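Notes follow the structure.
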There are 2 protein chains.
Amino acid sequence: MAVNGVNGVNGTRSKHDASALKVNQSRLMDAIHSGCKYGAAHRYGDHPTETGMARLSLNDADKQIREWFISTAQSLNCKTSIDQMGNLFAIRPGKNAEAPPIMMGSHLDTQPTGGRYDGILGVNAGLEVLKVLHENNVETEGSIGVVNWTNEEGARFPMMAVASGVWAEAIPLETAWNLEEVSPGEDGHRRTMKQELERIGYLGSQPASYRTTPIACHFELHIEQGPSLETERRKVGVVKGVQAFKWFEITVRGRDTHAGTTPFYARMDSMLCAAKLIVEANAIAKKFGGLATTGILNGQPGSINTMAHTVTFSLDIRHVEDDKLAEIEQACREGFMRISEKESEKGCKVEWKELVNSPAVKFHPDCIAAVEASTKEVCQDLPVTAEDGEMWRYMISGAGHDSCYTNRRCPTSMIFTPTKDGISHNPQEYCSPEDCAIGAQVLLGAVLRYDKLRAERGDFS
Amino acid sequence: MAVNGVNGVNGTRSKHDASALKVNQSRLMDAIHSGCKYGAAHRYGDHPTETGMARLSLNDADKQIREWFISTAQSLNCKTSIDQMGNLFAIRPGKNAEAPPIMMGSHLDTQPTGGRYDGILGVNAGLEVLKVLHENNVETEGSIGVVNWTNEEGARFPMMAVASGVWAEAIPLETAWNLEEVSPGEDGHRRTMKQELERIGYLGSQPASYRTTPIACHFELHIEQGPSLETERRKVGVVKGVQAFKWFEITVRGRDTHAGTTPFYARMDSMLCAAKLIVEANAIAKKFGGLATTGILNGQPGSINTMAHTVTFSLDIRHVEDDKLAEIEQACREGFMRISEKESEKGCKVEWKELVNSPAVKFHPDCIAAVEASTKEVCQDLPVTAEDGEMWRYMISGAGHDSCYTNRRCPTSMIFTPTKDGISHNPQEYCSPEDCAIGAQVLLGAVLRYDKLRAERGDFS
């Protein structure tokens with residue numbers, strides 16, 4: 001790198017070098033909020049930025065933010081490309097432009113009632129890092145880029161991080177392309193991912209694979225989405241891994257009989273049974289120190305005075321340890337069987353369908369070390385607010401991210417920033433401008449450290 | 001009446017008279033099943049009649065069965081009329097044609113997964129009675145007719161028996177007209193009752209009111225929809241009233257936060273809270289000897305890894321006594337508050353909206369007497385199957401019916417027939433041809449007895 005020398009990843013970079021390049025906080029925040037005009041929704045206050053977001057993957061607003069992303073990247077002399085999953089790659093060539101780039105990745109899609117930071121901060125911080133390199137005419141050893149992964153949320157097409165999953169060859173392309181949106185459009189029809197990629201013009205020709213689009217390593221800045229950093233008054237989470245989680249669709253089958261004329265003894269009430277199962281899953285998750293959540297429930301036929309013959313509901317279970325997650329699942333399977341057969345009037349049938357199985361993830365030590373060194377440097381200049389004096393901590397992510405899939409194919413780690421009240425997937429999700437900039441500064445330092453590491457260990461020779 | 005004399009309502013009609021007029025079982029069943037081609041759905045067996053029905057009120061199939069009803073009635077020389085709620089009246093003039101008619105009423109709409117008997121049997125039995133009178137050239141004292149009440153099920157437009165309710169002036173016309181269908185159409189829009197009445201051509205000009213369309217009395221033949229008659233091996237229920245019921249829409253408000261990053265202590269999980277409330281309502285109803293059912297539940301925003309911020313669900317509670325129903329409601333209100341505030345992590349808010357309040361109904365003694373006398377006559381010719389030798393019993397209806405509203409404005413009672421396995425609001429709902437004909441025969445006898453009663457007491461003088 002041309003401007004200042006980086007001497008290894010473990011904090012040996014000189015104080016002078018560390019402060020040589022600074023992210024521009026107001027430019028970062030302007031970029032975040034000006035991009036949020038595409039898909040803004042759910043206003044909760046008078047200030048122009050006091051709205052949430054409803055930029056569901058591959059909708060019209062997503063098309064607009066993609067155009068914005070490409071034109072921003074091109075203004076920084078980046079090479080852009082689009083793969084078959086609509087993943088957008090923007091790469092700023094380094095001295096050794098033939099080698100795979102270091103990528104800073106996250107996503108620009110949101111939940112239906114999402115906020116302005118989840119995913120959005122990570123992509124914008126990546127672009128801000130490129131702007132800093134660009135305005136300082138920095139020539140890095142290898143190439144450095146930003147990737148916007150498609151449909152990370154899994155909110156519209158129900159498979160989380162599906163596009164980074166295809167890139168990692170963990171999910172077949174056809175499976176992803178054929179995913180149908182969870183709610184039909186205004187005309188009553190459900191679009192597939194492929195149809196919507198085509199419709200908005202982002203069905204690229206480049207294969208979606210780590211083989212054809214290799215990445216040297218992947219860093220992702222993200223809001224914590226939980227209350228820990230805020231509660232402990234720290235500023236940065238050095239993320240060492242991601243908790244294990246599984247998603248299921250549970251189907252409960254009973255019988256649709258009349259609500260007024262069917263005595264309890266004769267009922268097969270799938271809604272009552274489903275309610276008991278949701279309560280049971282919650283109790284089991286608590287007992288094992290994990291989490292259980294049902295966010296979707298549909299009953300058929302859906303009439304006030306008729307029992308539902310069929311109820312389907314989503315079940316999301318999580319634990320930091322794979323073994324414990326397996327125990328939660330097993331306890332739920334046993335509990336659901338007991339309740340549906342014996343504690344639910346005449347009984348119902350329960351079927352399980354596994355939608356996602358995401359084992360616990362351990363990020364790469366080299367990436368964690370680069371983030372940790374950068375974090376320590378950034379934190380030493382911050383006013384101390386934490387009781388124990390440490391302005392950062394190690395963390396395990398509660399949520400899945402694209403980084404879980406990239407970690408299968410290249411060294412990966414993540415950086416967390418505080419999240420107001422621990423609230424995300426909500427219009428009022430918030431991370432202060434100062435905290436966003438701290439996170440972006442850590443990202444910049446981590447990327448430069450890793451770039452130097454590559455040169456030192458001979459990646460380019 | 002010209003063919004045979006009816007001597008009072010209390011079984012004093014002679015044996016000869018009782019057997020003089022007979023309903024035609026095969027004609028009745030042909031009419032039922034040929035009409036079911038409009039809206040047949042949910043096939044469960046190979047026989048042509050082994051389907052359920054999905055004839056939701058005012059859909060295209062409902063338009064077709066209405067045309068069939070009118071042409072059938074006109075072939076029997078009946079006068080037909082349509083009121084502002086689309087209620088269809090077919091009246092066969094009697095000797096005193098100016099006096100209000102005796103009406104046999106029920107409904108031709110079904111649940112989305114309904115069967116071939118609920119409502120349909122009552123209207124067809126009424127038409128069969130008119131056919132018997134027509135083919136025997138019987139001149140009754142007063143006029144006798146059949147009414148098809150609109151949207152009895154409340155399955156499409158969510159207010160049960162709304163059109164007989166408007167007729168009884170218990171529900172304002174505008175309220176009924178403005179009801180929106182529970183599920184949007186294929187174009188994503190919800191139609192109102194008035195729009196759909198207009199669309200299918202059944203928005204009549206005649207005011208929907210007992211004042212302009214008076215009825216002398218109302219008899220309704222209906223399947224029991226419960227298991228009692230079948231279990232006790234009896235053939236007829238003489239219905240003395242209807243249990244009280246209330247419908248509510250319950251809204252639970254929480255907060256939509258991330259399923260993986262929000263620890264239990266920080267959650268306001270409206271789906272978990274709703275599940276606990278449904279379980280609680282069930283326990284309370286059991287304790288008080290009543291019923292509680294949730295047939296509809298919707299969660300928003302509806303994402304696997306995001307808690308629902310809002311869940312709405314229907315609550316249908318019933319008891320044969322008004323006082324006990326009030327106790328169930330009160331216990332649910334207290335229990336829901338306790339659970340939502342204290343037993344649901346960080347707490348949720350619960351709102352109640354009353355949709356229907358249907359107090360316990362006591363039918364008119366004159367109508368009950370006419371049905372009872374007719375029942376006794378019909379039953380004396382049946383082979384005995386019940387253990388105690390009685391082939392009929394008094395009953396309280398578990399379900400609401402149009403008869404609840406007609407009973408407010410004219411003497412009313414109902415006749416029940418056995419229902420296989422007690423199942424209704426289900427495609428496999430079934431009442432045997434023999435049992436359908438027994439019910440229709442009881443209806444014929446009850447109508448003729450009441451006609452004679454009117455003449456005897458001077459209604460026409």
For this session: List the strands (runs of 3 or more DSSP E) that sit entirely inside region B:215-304 and contain at least 2 residues that are within 9 Å of another protein chain (Cβ to nearest Cβ).
Result: B:244-253, B:291-293, B:297-300
Problem set entry | Cross-chain or 6+ apart pairs with Cβ under 7 Å, region B:122-151 first and under 23 Å from residue B:166 (Cα atoms), then surrounded by fewer than 23 Cβ atoms within 10 Å (Cβ to Cβ) and polar (S, T, N, Q) | none
Problem set entry | Residue under evaluation residue B:229, criteria (1) touching a residue at least 40 places away in the same chain (Cβ under 8 Å); (2) farther than 30 Å from residue A:266 by Cα, criterion not met | (2)
For this session: Check residue B:328 against each of (1) modelled with pLDDT of 95 or more; (2) over 19 Å from residue B:243 (Cα atoms); (3) out of contact with any Asp or Glu (no Cβ under 9 Å at 6 or more places or on another chain) and name the one condition it does not meet.
Result: (2)
Seminar exercise, completed: Within region B:303-332, the residues that are small (Gly, Ala, Ser) and surrounded by 20 or more Cβ atoms within 10 Å (Cβ to Cβ) are B:303, B:308, B:314
Exercise. Just one of the numbered conditions (1) surrounded by fewer than 24 Cβ atoms within 10 Å (Cβ to Cβ); (2) under 30 Å from residue A:96 (Cβ atoms) is not true of residue A:444; which one?
Worked result: (1)
For this session: Test residue B:424 against the criterion of being under 22 Å from the mean Cα position of the chain (by Cα), within 14 Å of chain A (Cβ to nearest Cβ) and modelled with pLDDT of 95 or more, and give yes or no.
Result: no
Seminar exercise, completed: The one condition residue B:192 fails out of (1) closer than 23 Å to residue B:443 by Cα; (2) of a type outside the set (A, V, I, L, M); (3) modelled with pLDDT of 95 or more is (1)
Exercise. Can you find a residue in region A:341-359 that is part of a helix (DSSP H, G or I), under 30 Å from residue A:265 (Cα atoms) and at pLDDT below 95?
Worked result: yes
For this session: Identify all residues within region B:305-326 that are of a type in the set (Asp, Glu) and more than 7 Å from chain A (Cβ to nearest Cβ); write none if there are none.
Result: B:321, B:322, B:323
Exercise. Can you name the number of the only condition in (1) closer than 30 Å to residue B:259 by Cα; (2) part of a strand (DSSP E or B) that residue B:317 fails?
Worked result: (1)
For this session: Among the residues of region B:168-196, write down those that are out of contact with any helix residue (DSSP H, G or I) (no Cβ under 7 Å at 6 or more places or on another chain) and either closer than 15 Å to residue B:62 by Cβ or not in a loop (DSSP other than H, G, I, E, B) (or both).
Result: B:174, B:175, B:180, B:181, B:185, B:191, B:195, B:196
For this session: Kindly establish whether residue A:389 is within 30 Å of residue A:268 (Cα to Cα), assigned to a loop (DSSP other than H, G, I, E, B) and more than 21 Å from the chain's Cα centre (by Cα).
Result: no
Exercise. Which condition number in (1) at pLDDT below 95; (2) charged (D, E, K, R); (3) assigned by TED's automatic domain parsing to the domain that holds residue B:282 is the one that residue B:381 fails?
Worked result: (3)
Exercise. Among the residues of region A:252-264, is any outside the structural domain of residue A:154 (by TED's automatic domain parsing), modelled with pLDDT of 95 or more and surrounded by fewer than 24 Cβ atoms within 10 Å (Cβ to Cβ)?
Worked result: yes
Exercise. Based on what the data block shows, is residue A:2 outside any strand (DSSP E or B), more than 19 Å from residue A:127 (Cα to Cα) and at pLDDT 95 or above?
Worked result: no
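Conditions (1) surrounded by 18 or more Cβ atoms within 10 Å (Cβ to Cβ); (2) assigned by TED's automatic domain parsing to the domain that holds residue B:422; (3) touching a Phe, Trp or Tyr at 6+ places or on another chain (Cβ under 8 Å), marked per residue:
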| site | (1), (2), (3) |
| --- | --- |
| B:66 | yes, yes, yes |
| B:72 | yes, yes, no |
| B:102 | yes, yes, yes |
| B:110 | yes, yes, no |
| B:136 | no, yes, no |
| B:143 | yes, yes, no |
| B:152 | yes, yes, no |
Exercise. Only one residue in A:292, A:283 is crowded, with 19+ Cβ neighbours inside 10 Å and of a type outside the set (Lys, Arg), so which one is that?
Worked result: A:292
For this session: Check region B:162-174 and report whether any residue there is surrounded by fewer than 19 Cβ atoms within 10 Å (Cβ to Cβ), among the small types (Gly, Ala, Ser), within 19 Å of the chain's Cα centre (by Cα) and within 24 Å of residue B:314 (Cα to Cα).
Result: yes
For this session: Could you list all residues from region B:125-163 that are among the aliphatic types (A, V, I, L, M), within 14 Å of another protein chain (Cβ to nearest Cβ) and under 27 Å from residue B:445 (Cα atoms)?
Result: B:161
Exercise. Within 27 Å of residue B:77 (Cβ to Cβ) and β-branched (Val, Ile, Thr): does that describe residue B:166?
Worked result: no
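The values are calculated or read from the model by the stated rules, or taken from the named source; none is laboratory data. Remember, it's a predicted structure, so these values are computed and weren't measured experimentally. Glycine gets a Cβ as well: all are built from the backbone with ideal geometry, and neighbour counts include every protein chain shown.
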